[in-house]
1. Please name which of B:T172, B:G207, B:Y162 has its Cα lying farthest along the dipole of region B:156-240 towards the positive end, using unit charges on Cβ (Lys, Arg +1; Asp, Glu -1) and the Cα centre as origin.
2. Within 12 Å, Cβ to Cβ, of A:A206, how many net charges do the neighbouring residues add up to if Lys/Arg are +1 and Asp/Glu are -1?
3. Give me the lysines in straight-line cross-link reach of A:K76: C-alpha distance below 22 Å, same-chain residues under 8 apart excluded.
4. So which lysines pass the test for A:K387, namely a Cα distance under 18 Å, with those fewer than 8 places away in the same chain ruled out?
5. About its Cα centre, how strong a charge dipole does chain B have in debye, to the nearest 20, once Lys and Arg get +1 and Asp and Glu get -1 at the Cβ?
6. Give the range of the longest stretch in chain B that excludes all chymotrypsin sites (Phe, Trp or Tyr not before Pro) found in loop regions by DSSP and having at most 15 other beta-carbon atoms within 10 Å.
7. Just in region B:233-303: which trypsin sites (Lys or Arg not before Pro) are loop by DSSP and have at most 12 other Cβ atoms within 10 Å?
8. What ³J(HN,Hα) values, in whole Hz, does the Karplus curve 6.51 cos²θ - 1.76 cosθ + 1.60 give for region B:314-319 when θ = phi - 60°, with x put for Gly and Pro?
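Here, each number is a calculation from the coordinates, and none is a lab measurement. Everything numeric in this text was worked out from a predicted model, so none of it was measured. Glycine also receives a Cβ, built like all others from the backbone with ideal geometry; neighbour counts cover every protein chain displayed.
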Amino acid sequence: MRLAATLLILAACAAAASAQESGALAPPLDLRIEDSGEDNGVGIDVTWRRMEYDAKATYTVLVALAKDGPWHEAAKEPGAGGVKADEPLPWWAWSSDLDTRLIRVTKRDSLAGPQPLLPEENPATKFRAKTPEYWWKVVVATEDGLRWESQPVQVTPTGNFFAWSKLNTFLYMGAFTGILVVYIGVARKRTLWIRRIAGLDAVDEAVGRATEMGKPVYYMTGRDTITTVSTVAATLILGEIAKKVAAYDTQLKVPHTDAIVMAVCQEITREAYISAGRPDAFREDSNFFVTDDQFGYTAAVDGMMVREKPAACFYMGYYYAESLLLAETGASTGAIQIAGTDADAQLPFFFTACDYTLIGEELYAAGAYLSKEPVLVGTLRGQDIGKAVLLFMILIGAVLTTLGQWGGLGMSSFVRSVVELFKAY
Amino acid sequence: MIFLKRQFPLLICFAIGVAMALQYYVPTTLGQKLASQTSDWYIIITIFASFLGFGSVASVHWRKVNARRPGWGYSALVFVGIVLMLGAGIISEGKPTTERAHDEQGTELPPVDERDASGVLLKRTIATERIIPDLVSKEIVEETAAPPPPKTFKVLELVIEYAPDGRVTKATETKYSRSGAVLLKRDRDISKEGALLPLEGEPTSFGWMYQNMLNPLQSTMFAMLGFYIASAAFRSFRAKSFHSGLLLVTALVVLIGNVPFTNHIWSEWFGIHHLRGVRLEMPDIVGWLMNTPNTAARRGVGFGVALGIIATSLKIIFGIERAYLGGGD
């Protein structure tokens, strides 16, 4: 489609020759007007080979709804403007060329004409009118009064169904999914060894201590909403801890700052008590909403901790400035504290105030680690393999970048191409 | 029933999960629309879920008040707070300040001046008008070729009166309802700074409570963080081993390096500016520590987190992890 929409305007040499004689400019070489790739149908690209007169020329892109006009100015740029290589796109999606000039008409409202490039959505029906046919032409004018005008061509911007610049991340995601699927299959056949995580091994100790002391276990799911994956991970860990709490017949308290997370956690806790064979011990109010205000929540939970002196506190999920306020208060009550977060800025605070801290990906591994379910353990192994591959790539990248920086080997462009493979666009 | 409780949510999760993952790769309007619409759905669900939250808070505190458990008075105060804040919010239409001259839909009309025969300014009237929203939406639906000018109503009016020598003698502010009735009319204190600014917003009762009650409470909690950091730092920086000693030294360099006076001592008193041709001011050392070893460690954590997020998302999308539905299989 894109190729079909592309029109190469090579003004006939004979016409050019006669134009020169009459004081007109030579036509720009390889002038193309084509639909922009990787957009939602709002842009066109005008490209041409660098011309000698570009430094003193101005290129004007005109648009019309009919071949005969009326014409409206869509863009006006100096000839010595941007080149194709300026576009931050990778080599497999874009031919970066220092000698090819580029004017990209992208903004919907860049036209001075009566109709925008893309018809506006009808607010009543939520549908757009059919995109009309657009006609384009390019006018080149130099400071010394010479002028050249292309023939009108019809190019209608269309939306693209795949962003080719993102192909690399798409393939990586596919490869990672493949690794996970393979290791899930392996885990179904044989038991996989996974490294020990001290913080999770201490869960039994923490819940046992709470039972002995007759004090509650506090579990916090972080400050983020259910749309955050770390919060989902925190709710999954809650299920495993709630099973242990139910088995030990200890009291569980889960103060919430988000009502949806609370609703999810209520169900998870209920099922955990049922699967532990203690549905009678489940209390609906073990999960309760406090407030969605950051420091209101912190003050309330701190107050409860000081009054009730819990035996164990779990801080899982994503935290902000309240992390230290909560963890220090918990530490002052003498509770065993286990934290797990992917908020790297809060990790030092949890390290300081908690007995055990799950760092980054350990939070996501915790649910599988505690449940010991083969399928979930398989995904853990898959994650580790993915990490090993990443480490290998980092090593290769570091070597290549060093060589590229050195420059003596003439590998700069090769290194740039390799680096582009690992960039997200 | 099992289908509705287990398979159906898994199907929804799979379909939405795959669609949301793919929309990242599809640059058409369809992809963008899918992303924005699903976030709209989430907002709607959140609004309904807030009733759940309110129910939970009310139930916890009501039980406490009902059973006269220790501290039940504080729980009663929760209800007083809810009623007060909710009432103020409803009365103020959820706005923290009164109408402003230059808000989203309000238009400030050009001032209307009254002058005497010799041209001396006696009175200036500045008014703000607001478009009646109902009429606007109706016009859009009808899509008339040449829509009539939108109907408006006067929201606020400020009348400034001048003495012949140019002094301001009086400034009167009037607030109107949509039907044109005068809701509030009062004289401004012209000795105050900004008294002649056209119709600047003032805190509503809701805004006042937010600014003067909630904000100070939040700030108090946040301020306590400073003390907690000091106590945590004291525990962390005890040099009991080589590693903790290294942490102590690094932390001291970063702490001290962020004090301007240290930089002055470093460069002026010690006269250190360069080392073997490399710039070596105090901020450079701090910058290197923060940007190089610190960033390397954070990126290491970041890689693991990214893989963990992808793995967890895939587990949920493909129904491998289903505990969030309420338990195992």
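1. Of B:T172, B:G207, B:Y162, it is B:G207.
2. Values: positive: A:R209, A:K215, A:K244; negative: A:D201, A:D204, A:E205, A:E212, A:D355.
Here the count lands on -2.
3. Filter leaves A:K56, A:K67, A:K84, A:K107, A:K137.
4. Of all the lysines, those that pass the test against A:K387 - Cα under 18 Å, at least 8 places apart if same chain - are A:K423, B:K315.
5. Values: 33 positive and 28 negative charges, 373 e Å.
Rounded to the nearest 20 debye, it is 1800 debye.
6. Values: sites that count: B:Y24, B:F270.
Here the longest run is B:25-269.
7. On the way: sites: B:R235, B:R238, B:K240, B:R276, B:R279, B:R298, B:R299; in loops: B:R238, B:K240, B:R276.
Taking region B:233-303 and a limit of 12 other Cβ atoms within 10 Å, the loop trypsin sites (Lys or Arg not before Pro) found are B:R238, B:K240, B:R276.
8. So the Karplus estimates, Gly and Pro as x, are 5, 4, 6, 4, 8, x Hz.
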